[in-house]
Amino acid sequence: MAEMKSIGVVGSGQMGSGIAQLGAVHGLNVWLIDSDPLALSRASKSITSSIQRLVSKAQLSLAAGTSALGRLQCTAKLEELCSADVIIEAIVESEDVKKKLFLELDKIAKSTAILASNTSSISITRLASVTSRPRQVIGMHFMNPPPIMKLIEIVRGADTSDETFNATKTLAERFGKTVICSQDYSGFIVNRILMPMINEAFFTLYTGVATKEDIDTGRLGRKRGIGVYDYRKPSPRL
Ligand SMILES: NC(=O)c1ccc[n+]([C@@H]2O[C@H](COP(=O)([O-])OP(=O)(O)OC[C@H]3O[C@@H](n4cnc5c(N)ncnc54)[C@H](O)[C@@H]3O)[C@@H](O)[C@H]2O)c1
């Protein structure tokens, strides 16, 4: 697949705005879409101030920051995505709502475009099943907040092609991410491990093993630099 030049991001909330920022800072033309104009204007302000912060900390040059902002377009019109190379969906976590969007995106997007979802838990295979291009549908599970967190989980649906996987991995690496690849099973990798741990923390409290403060400190110790391996280590910049 040729080098990607443009992405669309649908949903301009916590995740979508961060993904759009990553795309713009890494040289892509970005359309950021939301059905809620207030969410779009909040996203535009937060991306602008985040890029200004990077410039003020000298993590990004003024010229790079200005051109990143110049590459970002915020709009409510899904049709604007007709020439995007990749469209990353980051809307509400509802299978029905996402399927409706994928159906629309399949009609609007160019035939070579990849349709990606940032879902934390919904089957990529089922989202792909409503499109005419299941080989070009994939999961891109960014961690929160996307500009900071280094890990990304790429999720292959049952029909995702190697070409789609390789192009998506290349895009994630361009964003400076560490890529892990999951097959399409419930919880993928990260949440499959995380959820039983959270559940066990409640049992640890319930059975009187420790106070909630000590359980929290034990669990969060890794974040405070006193624990073991942190697979979601923040990236040093962007
Ligand atoms: N927040 C997290 O920590 C996190 C981490 C990883 C993955 N995710 C996943 O990312 C996705 C987005 O999560 P978020 O926390 O950014 O949500 P959010 O509520 O902050 O943002 C969702 C945005 O989508 C917009 N939206 C809803 N339906 C739409 C539609 N049909 N068309 C266009 N815009 C629409 C909403 O107006 C809202 O602005 C979810 O699938 C979530 O599971 C979230």
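The values are calculated or read from the model by the stated rules, or taken from the named source; none is laboratory data. Every value quoted in this text rests on a predicted model; they were computed, and no experiment measured them. A quick note on method: Cβ atoms are made from the backbone with ideal geometry, for glycine too, and the neighbour counts reach across all protein chains shown. Side chains included, ligands, DNA and RNA excluded: accessible areas come from the protein's heavy atoms. Shrake-Rupley method; radii C 1.70, N 1.55, O 1.52, S 1.80 Å.
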Once you have the Cα-Cα distance between S83 and E213, take 0.36 nm times their residue separation minus that, and quote the gain in nm to one decimal. 41.7 nm
So, for the Cα atoms of the range 43-107, Rg and Dmax in Å stand at 15.5, 43
Indicate the gyration tensor shape class of the chain (rounded, prolate or oblate), computed on the Cα atoms with a ≥ b ≥ c the square roots of the eigenvalues: a/c under 1.5 is rounded; otherwise a/b larger than b/c is prolate and the rest oblate. oblate
For the chain, what is the calculated [θ] at 222 nm in deg cm²/dmol (nearest 500), taking -39500 (n - 2.57) for each run of four or more DSSP H residues and dividing by its residue count? -13000 deg cm²/dmol
Residues meeting the amide H criterion for S182 (H placed from the backbone, H to H distance under 5 Å, 5 or more places apart or on another chain) are I154, V155, R156
Below 14 angstrom from the Cβ of T204, what's the summed charge of the other residues (Lys, Arg +1; Asp, Glu -1)? -2
Check cross-link reach from K99 to the aspartates and glutamates: straight Cα distance under 14 Å, and skip same-chain residues fewer than eight apart. E89
Would you please put 152-161, 168-177, 198-207 in order of how densely packed they are, using the mean number of other Cβ atoms within 10 angstrom per residue and starting with the highest? 152-161, 168-177, 198-207
Simple Cβ-charge dipole of the range 6-183, Lys/Arg +1 and Asp/Glu -1, about Cα centre, in debye nearest 20: 420
Taking all protein chains in place and a 1.4 Å probe, what share, in percent, of the accessible surface of the chain do carbon and sulfur account for? 56
Given a 1.4 Å probe, the accessible area of the range 2-68 per residue, as a whole number of Å², is 44
Residue-normalised value, i.e. accessible area per residue, for the range 137-221 at 1.4 Å probe, in Å², stands at 52
Set of aspartates and glutamates near K212 by C-alpha distance (under 15 Å), chain-local residues within fewer than 8 positions excluded: E200
Once amide H atoms are built 1.01 Å from N in the peptide plane, which residues 5 or more positions from C74, or in another chain, come under 5 Å H to H? L32
Mind checking which lysines have their Cα closer than 26 Å to the Cα of K150? Skip sequence neighbours fewer than 8 apart in that chain. K5, K45, K57, K98, K169, K177, K223, K233
Positive end of the dipole of the chain, charges at C-beta (+1 Lys, Arg; -1 Asp, Glu), about the Cα centre: which of S129, M197, A109 has its Cα farthest in that direction? M197
